[in-house]
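Asks: Below: one structure in C-alpha cells.
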Amino acid sequence: GSHGAGHPSETLTPLIVWGAGVNYPQKVTSQFFEDNFLKEWKLENLKRLDVNQADIAPLMASLIGVPFPLNSVGTLPLEYLNNSAHFKAESMFTNAVQILEQFKVKMSQKKETTLSFLFTPFKPLSDSEQINFLKKTRLYIQQQKYDEAVSLCKTLINLALEGLSYYHTYDRLFLGLSIAMSFVGWTTYVILVIIKTHTNLTKTIQTNNKESTVLSYSFAFVGMVIAFFLLIQTCPWTYYIYCLLPVPVWYAVVREIPIIQDLAANLLSLHVGQSIGFLLLCTLGIEILVFSFFYRSTLTIGLLVFAGWPVITQLWVQAKTTALIWTLLCVLLAVFPLMPVVGREPNIPLVIATGLLTLLISCFSLASLCKSKNKYRNNEDLRAYFYQMLSIALSTYVVSSTHDSLKNKQGLPILNQIISWMTLVSSSVLPLLSSTFLFQRLFSILLSLMSTYLLLSTGYEALFPLVLSGLMFVWINMEQEALQHYGLSFKPKLAVFNFAYATDITQFRQLHLDDVRRSFFFVFFIVTAFFGTGNIASVNSFDPASVYCFLTVFSPFMMGGLLVLKVVIPFVLVSCAFEAVQVTTQLSSKSLFLIVLVISDIMALHFFFLVKDYGSWLDIGTSISHYVLVMSLTIFMMLMNGLAQLLTTKRLELPRRTKHHS
C-alpha cells in the first residue's frame with residue numbers, strides 16, 4: 001500500500017497496558033469488531049478496549065501520578081484503571097477542568113483580537129454553564145454519586161472540545177466568503193473580457209470620466225475601511241491579502257457596467273428556454289469534471305454523452321463515417337476509467353500486443369501515404385517515418401526481453417538499457433524531422449511518444465494513448481464538420497493543411513457559442529488524460545516495475561522524473577490535437593485559454609470548499625492536491641500549448657548531400 005492513507009492496517013496500533021494500578025482483563029462471551037485481529041491473536045474471549053491516540057497521555061499521567069499534560073485533548077479511559085470509584089471520579093473531574101482551561105484560553109485569545117460587538121461566543125459553554133457544570137460535579141462527588149459525576153465530566157469534555165474547534169475555525173466563514181468573492185469577481189471579469197474583446201455581442205461604449213473617478217474613490221474608501229478594521233483587530237498579514245483582494249477585482253468588474261447592461265439587453269432578446277438550457281448544460285459539464293476527481297467512472301458517463309454528440313446536434317447527417325468512428329472510439333475510451341488503477345497487475349503480453357498494433361496501424365498509414373500521389377511528399381519524410389517504426393519495434397522487443405530477463409533473475413540487460421535511453425532522447429527530436437502537414441506531423445508525434453510510453457507501461461495502460469490519439473484525430477475532423485454545420489467558414493482540406501503556415505493572425509475569427517463547447521472538450525480530454533488510467537493516489541504510490549526498462553537501482557528522483565513523463569505523454573497528445581483544432585477552426589489561442597480559465601476557476605471554487613482538515617493524511621493531502629491541480633490547470637495548459645506549438649510547427653532540416661555534375 002502507500003504511506004499515510006486511512007486504511008485500518010495503517011492507522012490501528014496495538015496498545016498493551018500492564019503493571020500497578022492497571023485493571024485485569026475482563027472475560028466476555030461475544031464482541032463485534034470489523035477487523036479480525038482478535039481471531040488472529042486468539043484473544044476473542046477477552047474484552048478489547050479501543051482508545052484514541054490522544055487518550056494515552058492522560059492514562060500514563062494518571063498511572064504515574066503526575067498532572068495531565070497542559071495541551072492534551074485526550075479523555076482518560078477509566079476502564080484501564082484498577083482503583084476506587086472515588087479516585088476515578090476525581091481523575092475525570094481533573095481531566096475535564098484541564099480541557100476546559102484550554103477552551104477558556106482559546107476564547108480569551110479570540111476575544112482580544114475581535115471587536116466586542118462582532119464577537120459571538122460558543123453558546124453551549126457560557127460562563128454560567130461552566131460554573132453550573134463544575135458545581136454539579138463537585139456535589140455528585142460529595143454525595144458519592146460517582147457514575148453521575150463521571151458522565152457529567154464526559155459531557156463537559158465533549159463540549160469543551162467542540163468549543164476549542166469552534167474558536168480554532170472562528171474566522172473560517174469570513175475568510176472563505178472573502179476568497180469566494182474574489183473567485184466570483186475574477187471569473188466575472190474574465191467573462192467580460194472574453195465578451196468585450198473576442199465577440200460581437202457588445203458595442204464599444206465611451207466611458208464617462210467623472211463617473212469612473214467617483215467609482216475609483218468609493219472603492220478606495222471601501223478598501224481603507226476594511227484595512228482599518230483588520231488593523232484594530234491586529235489580524236495576521238495574510239488576512240489583508242484575503243480581504244483586500246476582492247476590492248480591486250470587483251472594481252474592475254463594476255467599471256464594465258455598460259457592457260453588462262448591453263449584454264443583459266442582448267440576453268433578454270434571446271429565447272429564455274435556450275439560455276436556461278445552455279446554463280444547465282454548462283453546470284452539468286463542470287459538475288461531471290468535479291466528480292471525476294473523486295470517482296473516475298464519472299468520465300465514462302461524460303464520454304458516453306460525447307459519443308451521442310453527433311446525433312444530438314444532427315452532425316452525423318453530413319458526415320456519417322466520421323460520426324460513427326467518433327462514437328465507437330468514445331465508447332472504447334470510456335472503458336478505461338472503469339478499469340482498476342494502473343500498477344496493480346502487470347500484463348506484459350498486452351503491452352507487446354499494443355506495440356504490434358501500433359506497428360500495424362503505422363504500416364497502413366505509410367502505405368496510404370505512398371499511394372497518394374502527393375506532391376507534398378518526399379523521401380526524407382518517409383525515412384523519418386521508417387525510423388519511428390523501427391523505434392516502436394525496438395521498444396516492444398525491449399519491454400518483452402527486459403521483463404523476461406528480470407523474471408529469470410538475470411537483471412536488466414545493458415543493451416536494453418542503452419536502447420531505452422536512446423529511444424527516450426530521440427522521441428523529442430524525431431517528430432521535428434517529419435513533414436509539417438497536419439496528419440503527418442500529428443502521426444509522427446504519436447509514434448515518437450508511443451515508443452517511450454511502451455517502455456514505461458506494464459499493463460492495459462499501453463493501449464490508452466493509442467485509443468486517445470485515435471479519438472483526437474477524429475475530433476479534428478469532427479470540428480471541421482461542426483464549423484460547416486454552423487456556417488462559420490468553408491471547409492479547408494485537412495490533408496494539405498500545413499502547420500508551418502497556420503499562424504497568420506489576420507485570419508482569426510470572433511468567438512461563437514460552439515467555441516465554449518470546444519474549450520470544454522479540451523478540458524475534459526485533459527482530465528481524461530490524467531484520470532483515464534490512474535488517480536492522485538496512484539501517482540503517490542506507483543509501481544516501480546514501470547521504470548524497469550530504464551533502471552533497476554532505486555533512485556527516487558530519476559524514477560519520479562520518468563513517472564511524470566509517463567503522466568505527461570497523454571497530455572501532450574491532447575494538446576497537439578487541440579493546437580490542430582485551434583488553427584483549423586481559425587481561433588486565437590488567447591480567447592480559448594480565457595474560456596479554459598473560466599472553467600478551471602469555477603472548478604477551483606468547488607475544490608476550495610471541499611478541502612478537508614480532518615481524516616487521514618491521504619484524505620487531507622488529496623483534497624489539497626485537487627485544489628492545487630485545478631488552480632494550476634491554466635498555467636499547465638499554457639505550457640502544454642507552448643510545447644504543442646513547438647512540436648507541430650518547428651522543423652529540423654538535416655543537411656542533404658549535394659550532387660556534383662561533371
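Asks: Grab the helices (runs of 4 or more DSSP H) fully contained in segment 174-278, keeping just those with 1 or more residues being among the β-branched types (Val, Ile, Thr), under 32 Å from the mean Cα position of the chain (by Cα) and not assigned by the TED database to the domain that holds Phe607.
Replies: 237-244, 246-254
Asks: Within the set of pairs 6+ apart or on separate chains, which have a first residue in segment 566-577 that is among the polar types (S, T, N, Q), a second that is surrounded by 24 or more Cβ atoms within 10 Å (Cβ to Cβ), and C-beta atoms under 8 Å apart?
Replies: So the pair list comes out as Ser575/Met637; Ser575/Ala644.
Asks: Hey, can you tell me all the residues within segment 639-662 that are at pLDDT 85 or above and open to solvent by 100 Å² or more (accessible area, probe 1.4 Å)?
Replies: Leu639
Asks: In segment 295-326, which residues are open to solvent by less than 80 Å² (accessible area, probe 1.4 Å), under 21 Å from Glu461 (Cα atoms) and more than 19 Å from the chain's Cα centre (by Cα)?
Replies: Selection gives Trp326 alone.
Asks: Would you check if there is a residue in segment 27-34 being in contact with a strand residue (DSSP E or B) (Cβ under 7 Å, 6 or more places away or on another chain) and touching a residue at least 60 places away in the same chain (Cβ under 8 Å)?
Replies: No; the residues of segment 27-34 include none that is in contact with a strand residue (DSSP E or B) (Cβ under 7 Å, 6 or more places away or on another chain) and touching a residue at least 60 places away in the same chain (Cβ under 8 Å).
Asks: Please go through (1) modelled with pLDDT of 70 or more; (2) within 19 Å of Ile476 (Cβ to Cβ) for Gln507 and return the number of the only condition it doesn't satisfy.
Replies: (1)
Asks: Can you tell me which residue in segment 245-257 is farthest from Asn208 (Cα to Cα), limited to those that are among the aliphatic types (A, V, I, L, M) and touching a helix residue (DSSP H, G or I) at 6+ places or on another chain (Cβ under 6 Å)?
Replies: Leu245
Asks: Residues that are within 26 Å of Ser128 (Cβ to Cβ) and buried (at least 17 other Cβ atoms within 10 Å of the Cβ): does segment 80-89 have at least one?
Replies: Yes, some residue in segment 80-89 is within 26 Å of Ser128 (Cβ to Cβ) and buried (at least 17 other Cβ atoms within 10 Å of the Cβ).
The rows are residues; the columns are (1) open to solvent by 70 Å² or more (accessible area, probe 1.4 Å); (2) in contact (Cβ under 8 Å) with a residue 12 or more places away in the chain; (3) under 22 Å from Phe68 (Cβ atoms).
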site: Leu115; (1), (2), (3): no, yes, no
site: Leu125; (1), (2), (3): no, yes, yes
site: Leu139; (1), (2), (3): yes, no, no
site: Gln142; (1), (2), (3): yes, no, no
site: Ala180; (1), (2), (3): no, yes, no
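Asks: Here's something else I'd like to know. Which residue is modelled with the lowest pLDDT, if the candidates are limited to segment 341-352 and must be open to solvent by less than 90 Å² (accessible area, probe 1.4 Å) and within 25 Å of Phe525 (Cα to Cα)?
Replies: Gly343
Asks: Sort out which residues of segment 406-431 are modelled with pLDDT under 90, in a helix (DSSP H, G or I), closer than 19 Å to Arg651 by Cα and out of contact with any Leu (no Cβ under 7 Å at 6 or more places or on another chain), and write them in order of number.
Replies: Within segment 406-431, Ser426, Leu430 meet the criteria.
Asks: While we're on this one: In segment 397-445, which residue that is under 32 Å from the mean Cα position of the chain (by Cα), open to solvent by less than 60 Å² (accessible area, probe 1.4 Å) and not hydrophobic (A, V, I, L, M, F, W, C) is farthest from Phe578 (Cα to Cα)?
Replies: Only one residue tops the list, namely Ser420.
Asks: Something else about it: Which one is farthest from Thr197 (Cα to Cα), of the residues in segment 245-261 that are of a type in the set (A, V, I, L, M, F, W, C) and open to solvent by 50 Å² or more (accessible area, probe 1.4 Å)? Before you say what the answer is, go through the steps one by one.
Replies: Taking segment 245-261 first, the residues of a type in the set (A, V, I, L, M, F, W, C) are 245, 247, 249-250, 252-254, 257, 259-260.
Subsequent filtering for residues that are open to solvent by 50 Å² or more (accessible area, probe 1.4 Å) retains 245, 250, 257, 260.
Details: Leu245: 24, Trp250: 19, Ile257: 15, Ile260: 14 Å.
Looking at residues that are of a type in the set (A, V, I, L, M, F, W, C) and open to solvent by 50 Å² or more (accessible area, probe 1.4 Å), I get Leu245.
Okay, residues lined up against (1) open to solvent by 10 Å² or more (accessible area, probe 1.4 Å); (2) of a type in the set (Phe, Trp, Tyr); (3) at pLDDT below 90; (4) part of a helix (DSSP H, G or I):
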| position | (1), (2), (3), (4) |
| --- | --- |
| Leu468 | no, no, no, yes |
| Leu471 | no, no, no, yes |
| Val474 | yes, no, no, yes |
| Gln480 | no, no, yes, yes |
| Gln484 | yes, no, yes, yes |
| Ser489 | yes, no, yes, no |
| Phe521 | no, yes, no, yes |
| Ala529 | no, no, no, yes |
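Asks: Filter segment 186-237 for residues that are free of Cβ contacts under 8 Å to residues at least 24 places away in the same chain and touching a helix residue (DSSP H, G or I) at 6+ places or on another chain (Cβ under 7 Å); which is farthest from Leu587 (Cα to Cα)?
Replies: The qualifying residue farthest from Leu587 (Cα to Cα) is Leu230.
Asks: Do we have Ser62 as outside any loop (DSSP other than H, G, I, E, B), within 33 Å of the chain's Cα centre (by Cα) and not acidic (Asp, Glu) here?
Replies: no
Asks: Pick out the one residue from Asp35, Asp55 that is at pLDDT below 90, open to solvent by less than 50 Å² (accessible area, probe 1.4 Å) and not in a strand (DSSP E or B).
Replies: Sole residue among the options that is at pLDDT below 90, open to solvent by less than 50 Å² (accessible area, probe 1.4 Å) and not in a strand (DSSP E or B): Asp35.
Asks: Hey, another quick one. Would you mention how many residues in segment 58-79 are touching a residue at least 40 places away in the same chain (Cβ under 8 Å), polar (S, T, N, Q) and open to solvent by 70 Å² or more (accessible area, probe 1.4 Å)?
Replies: Of the residues in that region, 0 qualify.
Asks: Considering each residue of segment 127-164, count those that are outside any helix (DSSP H, G or I) and farther than 16 Å from Phe87 by Cβ, and give that number.
Replies: 1
Asks: Pull out all pairs, ordered by first then second residue, where Cβ-Cβ is under 7 Å, the residues are six or more apart or on different chains, the first lies in segment 387-408 and is in the same structural domain as Ser444 (by the TED database) and farther than 21 Å from Asn347 by Cβ, and the second is surrounded by fewer than 23 Cβ atoms within 10 Å (Cβ to Cβ) and not hydrophobic (A, V, I, L, M, F, W, C).
Replies: Here the result reads Met389/Ser362; Ser391/Thr423; Ser391/Ser426, each pair linking segment 387-408 to a residue that is surrounded by fewer than 23 Cβ atoms within 10 Å (Cβ to Cβ) and not hydrophobic (A, V, I, L, M, F, W, C).
Asks: Related question: Here are some conditions: (1) modelled with pLDDT of 90 or more; (2) farther than 24 Å from Leu161 by Cβ. Leu70 meets all but one. Which one does it not meet?
Replies: Going through the list (1) modelled with pLDDT of 90 or more; (2) farther than 24 Å from Leu161 by Cβ, Leu70 breaks only (2).
Asks: To continue, here is another question. Looking for something assigned by the TED database to the domain that holds Asn347, more than 23 Å from Thr552 (Cβ to Cβ) and over 34 Å from the mean Cα position of the chain (by Cα) - is there at least one such residue anywhere in segment 449-456?
Replies: No: zero hits.
Asks: I would also like to ask the following. Name every residue in segment 612-633 that is more than 25 Å from Ala577 (Cα to Cα), under 12 Å from the mean Cα position of the chain (by Cα) and without any contact (Cβ under 8 Å) to a residue 24 or more places away in the chain, in order of residue number.
Replies: Passing the criteria: Ser623, Ile624, Tyr627, Val628.
Asks: Follow-up. Only one of Phe636, Phe607 is in the same structural domain as Asp381 (by the TED database) and either over 17 Å from the mean Cα position of the chain (by Cα) or modelled with pLDDT of 90 or more (or both); which?
Replies: Residue meeting the stated conditions: Phe607.
Asks: Filter segment 1-13 down to the residues that are at pLDDT 65 or above and open to solvent by 90 Å² or more (accessible area, probe 1.4 Å) and list them by number.
Replies: His7, Thr13
The values are calculated or read from the model by the stated rules, or taken from the named source; none is laboratory data. Predicted, not measured: the structure shown is a model, and the values here were computed from it. Virtual Cβ from ideal backbone geometry, glycine too; neighbours counted across all protein chains shown. Just so you know, the surface numbers come from the protein's heavy atoms only, side chains and all, with ligands and any DNA or RNA stripped out. Shrake-Rupley method; radii C 1.70, N 1.55, O 1.52, S 1.80 Å.
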